[in-house]
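What follows is a single structure, written as structure tokens, with notes after it.
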Amino acid sequence: MSGIEILGTGSFVPDFIADNNKFSEFLDTSDEWITPRTGIKERRIMTDKPNYYMGVQAAKKAVEDANIDPKDIDLILLSTCSPDFFYPSMACLVQKAVGAENAAAIDVNSACTGFITAMDIAQKYLATGHYKTILIVATEKLSNHLDYTDRSMCILFGDAAGAAVVRKSDKPFYSMLGASGDEFEALYCKVNYDANCPFHGDDMPFYNNIFDTEAKQKYLQSDGHAVYKFAVNAMTKAVKNVAAQGGYDIGDIDLVVPHQANLRIIKKSTEMLGIDPEKVYTNIQRLGNVSSACIPVALDELNKQGRLHSGMKICFVGFGAGLTYGAIIMEI
Ligand code: UT7
């Protein structure tokens, strides 16, 4: 099976830093509560620009790093669960900004699993030869979704974007994607339509029964315990699956780049898998959970630190609203 060559990476994080103490100024919370339970010390918030701005910055850096002509990009796959528009796709906005005039442009939404999903789609397109150069972008502004009176959720998330330019390689690539739609209530953010169609009646009973408060209508809602349990199980299952596909022992993996939702989730799942903690990359301490941007931002940081070497086996693993999950083991 053919794989993916990463030609270039890029990322963008906003300047504004909200450390844990800033949350204590308006919420009954503290660094003493947040750090041991989540690993998060600070996160970045985009205070004055829309989400697509971050995606564009990350995409431009990835294209520059790849040293390609934007006109050579055949496809832009953009992962976001916090788009600025219902339409057009955010991928179209990135296409215009980077000058990728020959590219098709598609948005992908599998929440925090989005970058893994986009990589999986990219690998399939590249394998067929239909597209030769793909720009993958993940950009998220979860600060638009959060209820900043809900101390259990608003402290977890931040804003950021990451991107990678990829082409086909002959190196190994193994992936799996999964979903558990019956657990969607564990993590969701409902679209808050304000339509004025004179023909509308009451909304479907399904919605009326579930979304019975203003917070449930407007903001990210999550059952933290249910997500935690799902995450640990799904991440271990996904890594075992892709390792088995490739005939790898867990010890063969050189570097694990997990979704950064909670340091305890990362530690627990990698411990259950028997992965050496030295091989696990984390940046949640500085950025919090930036949803599908977690993994490509981490990838760009690793690239800039000179820690990506030809022949390495990297594992990406994550989970998110849906609930969805997935993993990739690829040789770079
Ligand atoms: O991409 C996926 C997104 N979702 C997630 O990643 C969520 C995964 N889950 C988690 O990370 C954890 O479940 C949380 C960090 C959300 C919660 O940690 P926990 O150790 O499971 O705490 P808890 O929910 O059991 O709450 C313990 C106590 C509660 O008070 P009482 O009822 O014991 O008096 C909470 O009200 O901590 C309280 N609490 C807080 N206290 C101070 C909850 N949030 C806070 C807070 N500051 N920020």
(request) Search the range 152-167 for residues being among the hydrophobic types (A, V, I, L, M, F, W, C) and within 16 Å of the ligand (Cβ to nearest atom), and hand back the single one that is nearest to residue 224 (Cα to Cα). (result) 153
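Results for (1) within 25 Å of residue 125 (Cβ to Cβ); (2) at pLDDT 95 or above; (3) crowded, with 21+ Cβ neighbours inside 10 Å; (4) out of contact with any Ser or Thr (no Cβ under 9 Å at 6 or more places or on another chain), shown as yes or no for each residue.
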position	(1), (2), (3), (4)
7	yes, yes, no, no
11	yes, yes, yes, yes
15	no, yes, no, no
21	no, yes, no, no
25	no, yes, no, yes
28	no, yes, no, yes
42	no, yes, no, yes
47	no, yes, no, no
52	yes, yes, yes, no
(request) Considering (1) within 14 Å of the ligand (Cβ to nearest atom); (2) crowded, with 22+ Cβ neighbours inside 10 Å; (3) not aromatic (Phe, Trp, Tyr), say which one residue 296 fails and leave the rest. (result) (1)
(request) Exactly one condition in (1) in a loop (DSSP other than H, G, I, E, B); (2) of a type outside the set (A, V, I, L, M, F, W, C); (3) crowded, with 16+ Cβ neighbours inside 10 Å; (4) within 16 Å of the ligand (Cβ to nearest atom) is not met by residue 83; state its number. (result) (4)
(request) Report yes if residue 324 is within 28 Å of residue 169 (Cα to Cα), touching a Cys at 6+ places or on another chain (Cβ under 9 Å), within 16 Å of the ligand (Cβ to nearest atom) and not assigned by TED's automatic domain parsing to the domain that holds residue 108, otherwise no. (result) yes
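Every residue, every condition in (1) surrounded by 24 or more Cβ atoms within 10 Å (Cβ to Cβ); (2) within 28 Å of residue 315 (Cα to Cα), yes or no:
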| position | (1), (2) |
| --- | --- |
| 74 | no, yes |
| 87 | no, no |
| 92 | no, no |
| 95 | yes, no |
| 114 | yes, yes |
| 125 | no, yes |
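The values are calculated or read from the model by the stated rules, or taken from the named source; none is laboratory data. Note that the structure is predicted; figures quoted are calculated from it, not measured. All Cβ positions, even for glycine, are placed from backbone atoms using ideal geometry, and neighbour counts span all protein chains on display.
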